[in-house]
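Engineer: Below: one structure in structure tokens.
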Amino acid sequence: MPYEPPTHTVERSLRATTGAKVIAGVDEVGRGAWAGPVTVCAAVTGLRRPPEGLTDSKLLTVKRRTELAETLRTWVTAYALGHASPEEIDDLGMTAALRLAASRALEALPVRPEAVILDGKHDYLGAPWKVRTVIKGDQSCVAVAAASVIAKVQRDKMMAELGIDHADFGFADNAGYPSPVHKAALAERGPTPYHRLSWAYLDALPQWRHLKKVRSWADGSVPEIEGQLGFDF
């Protein structure tokens, strides 16, 4: 299906109304998964013309998305990735975990953004960041689309690596999201160390329901942040 390419319209508006020059696009992946971290990418692109075919990662084939991510890593002005672990998601809840992952990504950028374009309608980031939310920003905004592609490819790679020792769960194909293979493995083997144990899927698994966690407070280790440290004005 044809789609309109993303533009710099929102970024130009933020520059005009706030005076911000360094603006990061932010998008997440893994919110609805049963296993694995939630991953957030912050990308700074400036106003240059984006690579051909850039759009929301969900609209791209795996092959095209992977190729585009490789291009974007050197095309963007800067990017960084932040993760919140399954343990942190269980302890804090998804909204706070998203805020944690996004803050890690933004703070890892070599220059602090003066404004943030956040995909969606809910500002899960908040102060001290100056945030503009954009529904379907991963389709309409260049920086958010770039963040979307980089985040998706990186998290898929992480999940494939985590799944090496848990082949029955199919993480290389489902990235920790519900699928017939994933559900069957859960019913037979129970959750892996990478599963979110506060989630409702455990309610449907009587033999594993005793593992369900009640949210408390984060005491896990801080996941590493990956990113590109070069910054070209």
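The values are calculated or read from the model by the stated rules, or taken from the named source; none is laboratory data. The structure presented is a predicted model; accordingly, all values stated were derived computationally and were not measured. Please note: Cβ atoms are built from the backbone with ideal geometry, for glycine as well, and neighbour counts cover all protein chains shown. Just the protein is used for accessible areas: all its heavy atoms, side chains included, with ligands, DNA and RNA removed. Shrake-Rupley method; radii C 1.70, N 1.55, O 1.52, S 1.80 Å.
Engineer: For Tyr177 and Thr71 in the same chain, what is the full-extension length gain: residue separation times 0.36 nm, less their Cα-Cα distance, in nm? Intermediate results must be reported in sequence, preceding the final value.
Structural biologist: On the way: separation 106, 0.36 × 106 = 38.16 nm, distance 2.65 nm.
Once the chain is fully extended between Tyr177 and Thr71, it gains 35.5 nm.
Engineer: Given Lys58/Lys136; Lys63/Lys136; Lys63/Lys183; Lys58/Lys157; Lys21/Lys130, which pairs have Cα atoms separated by over 18 Å? Mind dumping the intermediate values first?
Structural biologist: Details: Lys58/Lys136 11 Å; Lys63/Lys136 22 Å; Lys63/Lys183 26 Å; Lys58/Lys157 15 Å; Lys21/Lys130 13 Å.
Beyond 18 Å between Cα atoms: Lys63/Lys136; Lys63/Lys183.
Engineer: Right, another one. Compare Asp173, Asp165, Asp156 in a GNM of the chain, Cα atoms joined below 10 Å, and give the one with the largest fluctuation.
Structural biologist: Of Asp173, Asp165, Asp156, the most mobile in the Gaussian network model is Asp165.
Engineer: Taking the Cβ-Cβ separation of Lys58 and Glu4 as r and a Förster radius of 25 Å, what is the calculated FRET efficiency to the nearest 0.05?
Structural biologist: Details: r = 15 Å, r/R0 = 0.61.
That pair, Lys58 with Glu4, gives E of 0.95.
Engineer: Under 8 Å for C-alpha pairs, at least 6 residues apart: give me the relative contact order for segment 1-155, rounded to a whole percent. Spell out each step's value before the answer.
Structural biologist: Values: 323 pairs, mean separation 57.6, N = 155.
After rounding, I find 37 percent.
Engineer: At 222 nm, what helix-only mean residue ellipticity would the chain give, in deg cm²/dmol to the nearest 500, using -39500 (n - 2.57) for each DSSP H run of four or more?
Structural biologist: On the way: 8 runs with 85 residues, N = 233.
Value at 222 nm, helices only: -11000 deg cm²/dmol.
Engineer: Sticking with this structure for a sec: How much length would be gained if the chain were fully extended between Val131 and His210, taking 0.36 nm per residue of separation minus their Cα-Cα distance, in nm to one decimal?
Structural biologist: Gain on extension, Val131 to His210, equals 24.4 nm.
Engineer: Continuing with this model, one more query. Starting from the Cα-Cα distance between Asp165 and Arg189, subtract it from 0.36 nm times their residue separation and give me the gain in nm to one decimal. All intermediate terms of the calculation are to be shown ahead of the outcome.
Structural biologist: On the way: separation 24, 0.36 × 24 = 8.64 nm, distance 1.30 nm.
Between Asp165 and Arg189, full extension yields 7.3 nm more.
Engineer: Can you work out the accessible area per residue across segment 1-44, with the rest of the protein chains kept in place, probe 1.4 Å, in square angstrom?
Structural biologist: Numbers: 1890 Å² over 44 residues.
Dividing the accessible area of segment 1-44 by its residue count gives 43 Å².
Engineer: Further, regarding this structure: Can you compute the FRET efficiency between Val111 and Ala16 using 1/(1 + (r/R0)^6), with r the Cβ-Cβ distance and R0 = 25 Å? Round to the nearest 0.05.
Structural biologist: That pair, Val111 with Ala16, gives E of 0.80.
Engineer: Express the carbon and sulfur contribution to the solvent-accessible surface of the chain as a percent, rounded to the nearest whole number, probe 1.4 angstrom. Don't jump to the answer; show the numbers that get you there.
Structural biologist: Details: 6310 of 11410 Å².
In the chain, the share of accessible area belonging to carbon and sulfur is 55 percent.
Engineer: For the chain, take the longest principal axis of its alpha carbons; what is the angle in degrees between that and the long axis of helix 142-162, to the nearest 10 within 0 to 90?
Structural biologist: Relative to the chain, helix 142-162 is tipped by roughly 30 degrees.
Engineer: Which percent, to the nearest 5, of DSSP beta bridges fully inside the chain are antiparallel? Display every interim value, and only then the final one.
Structural biologist: Working: 17 of 26 bridges.
Within the chain, antiparallel bridges account for around 65 percent of the total.
Engineer: Next question, about the same structure. Any idea what angle helix 94-108 forms with the longest principal axis of the chain, computed on alpha-carbon atoms, 0 to 90 degrees, nearest 10?
Structural biologist: With rounding to tens, the tilt is 50 degrees.
Engineer: Choose one answer from Leu98, Leu109, Leu47: the residue with the largest mean-square fluctuation in a GNM of the chain with alpha-carbon springs under 10 Å.
Structural biologist: Of the options given, Leu47 has the highest mean-square fluctuation.
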